[in-house]
Amino acid sequence: MKLSWRVVLLWALPILVVGFFFWQGAFSTNMMDSGQNAANTRMTYGRFLDYLDAGRVIAVDLYDGGRTAIVEAMDTQLDNRVQRWRVDLPGNTPELVTRIKDANVSLDSHPPRSTGAIWGVLGNLLFPFLLIGGLFFLFRRSNNAPGGPGQAMNFGKSKARFMMEAKTGVVFDDVAGIEEAKEELQEVVTFLKKPERFTAVGARIPKGVLLVGPPGTGKTLLAKAIAGEAGVPFFSISGSEFVEMFVGVGASRVRDLFKKAKESAPCIIFIDEIDAVGRQRGAGIGGGNDEREQTLNQLLTEMDGFEGNTGIIVIAATNRADVLDSALLRPGRFDRQITVDPPDVKGRLEILDVHARNKKLSDEVSLDAIARRTPGFSGADLANLLNEAAILTARRRKEAITMTEIDDAVDRVVAGMEGTPLVDSKSKRLIAYHEVGHAIVGTLVKAHDPVQKVTLIPRGQAQGLTWFMPSEDQTLISRAQILARIKGALGGRAAEDVIFGDAEVTTGAGNDLQQVTGMARQMVTRFGMSDLGPLSLEGSQGEVFLGRDWMNRSEYSENIASRIDVQVRQIVDACYAETKQLIQENRAVIDRLVDLLIEKESIDGDEFRRIVSEYTTVPDKEQLVTQI
């Protein structure tokens, strides 16, 4: 653990003080002996007088203001050899000096050193100074801590990061796959750089731009690109930084932010995750959040109130535009809503080009093939995909990324980490039939997406996987395609039923049945693809927002609800019957594919279709991931 020098100092100071006082005491006690040879033994004062009268004393050295003497005298018990004794003299004995002089004894006096008094004074002053210094450091440290006493005066100040000229290292050339959003925001940059081009024809730039899209599609990256391109002062803050437990602090921070922005206009304010502060007012059971609502009211006023915010462009990002207050979305505040959707094939290829610039790719790697294999991937997903491939390459000690690492990275991103391979057993054979059931139905049903790979290698929670790859991005799905997907999802359960019997059916199809039920129900309630007719009986299934969606009632009667259940069951039963028939009619090729899959553990789509074509006609195709 790394310690601050201040913490070390605060712990060391008391130790130093105690050590100093011990040293001072030792210095005072031994000061007399430090410059002289210490006496071997002590002599009483009376004996000293006897030796003096007998003429045995040779020399006397007085110390400590005449209170101590070092005496050199001849010892009769040691053949009159000269010895040194220490004698403690009584105070106020001026006649002793006279007696020593009369006896013609060498006398020398050593005055006490003045340093002792100096160190005494310093010792008495040192502790208070150290105590005051320690308290100063503690107080200063608490001032610098978030929410400390020293922050009281700055509590209502904005926490926005300010850059006079934001050098984010990101420009529009580094943002790929969202060309429409870039074109809209390019106008903002152009206005900041050349406003006369717009004002000459009476145009005004939007006051606010709201970036809306799923996580990972590049909203914050776009804001960084705007900051890097515009070359104007840039304020960035998160929506959650406005909200505090004390009422009025958030509104104060909004006022302070726009005050600073007006001083630096023209400039850009970027508010990330604005739904943290911009949610609908009064949308809560038992009342709303007063502090958040006051903050939102202040934000509405600053964006388009009585004074206005001339020269300030507010850019915000969120993935929950459905919960934002309507007053925040009106023209004059957020004039434009730019949707940042997951990229299409062309956009994914452009994103892969950007993220592959600093990667070592082998010649066999085709970014176009990767883009076609990753429908629904966001920009963040694609960046993570190439990074995972690079990690696998380094782990395998290869010089460059190959398609093997790309394929393994796709499997890992979508399905999870690779698990321990299954051992040969009844369970492994059952899983093999389950996965081949998915793949054979997906191959023989014309409207289904073609098989990309079948594998028995566990990943995540799945013991086996069957991958289907669409030939193109599908924005519209036909009734035949939905029914084909239902049949493909039921292929695993149908194979278990036909091969092993109803008593041996396992729980492996649990996730498949959830997908089947959801697709069939949407056919009936949302898409009008049933005998109930072209009716939309349910809205899109989004997250519940308390205060708005909690008390929503069903839009249809109990009779209609019963008919919906009947229609869903009819669709699933009909698809299951057709799926079982396909399994029974192709039992021979299924057995061969299962033996091959158990041996190799993975079969790619081309080899799978080649083997199936030896037994029956394979329809031309077009493409889901189905897993146990």
For segment 265-280, which positions are farther than 17 Å from residue 298 by Cβ, part of a loop (DSSP other than H, G, I, E, B) and within 23 Å of the chain's Cα centre (by Cα)? 273
When you scan segment 576-597, do you find a residue that is closer than 20 Å to residue 466 by Cα, under 42 Å from the mean Cα position of the chain (by Cα) and either assigned to a loop (DSSP other than H, G, I, E, B) or modelled with pLDDT of 90 or more (or both), even just one? yes
Any idea which residue in segment 61-73 is nearest to residue 42 (Cα to Cα), counting only those that are out of contact with any Phe, Trp or Tyr (no Cβ under 9 Å at 6 or more places or on another chain) and not in a loop (DSSP other than H, G, I, E, B)? 68
Evaluate segment 329-339: report whether one residue or more is outside any loop (DSSP other than H, G, I, E, B), surrounded by 14 or more Cβ atoms within 10 Å (Cβ to Cβ) and over 29 Å from the mean Cα position of the chain (by Cα). yes
Within segment 210-226, is there a residue that is touching a helix residue (DSSP H, G or I) at 6+ places or on another chain (Cβ under 8 Å), within 22 Å of residue 301 (Cβ to Cβ) and surrounded by 14 or more Cβ atoms within 10 Å (Cβ to Cβ)? yes
Checked segment 506-530 for anything touching a Gly at 6+ places or on another chain (Cβ under 9 Å) and in a helix (DSSP H, G or I); matches are 508, 509, 512
Given (1) surrounded by fewer than 18 Cβ atoms within 10 Å (Cβ to Cβ); (2) under 25 Å from the mean Cα position of the chain (by Cα), residue 420 misses just (2)
Among helices (runs of 4 or more DSSP H) lying entirely in segment 170-261, which contain 1 or more residues that are modelled with pLDDT of 85 or more? 219-230
Quick one: would you say residue 502 is assigned by TED's automatic domain parsing to the domain that holds residue 515 and either farther than 22 Å from residue 348 by Cβ or touching a helix residue (DSSP H, G or I) at 6+ places or on another chain (Cβ under 8 Å) (or both)? yes
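The values are calculated or read from the model by the stated rules, or taken from the named source; none is laboratory data. Computed from a prediction, not measured in an experiment: that's the story for all the values here. FYI the Cβ positions are ideal-geometry reconstructions off the backbone, even for glycines, and counts take in every protein chain you see.
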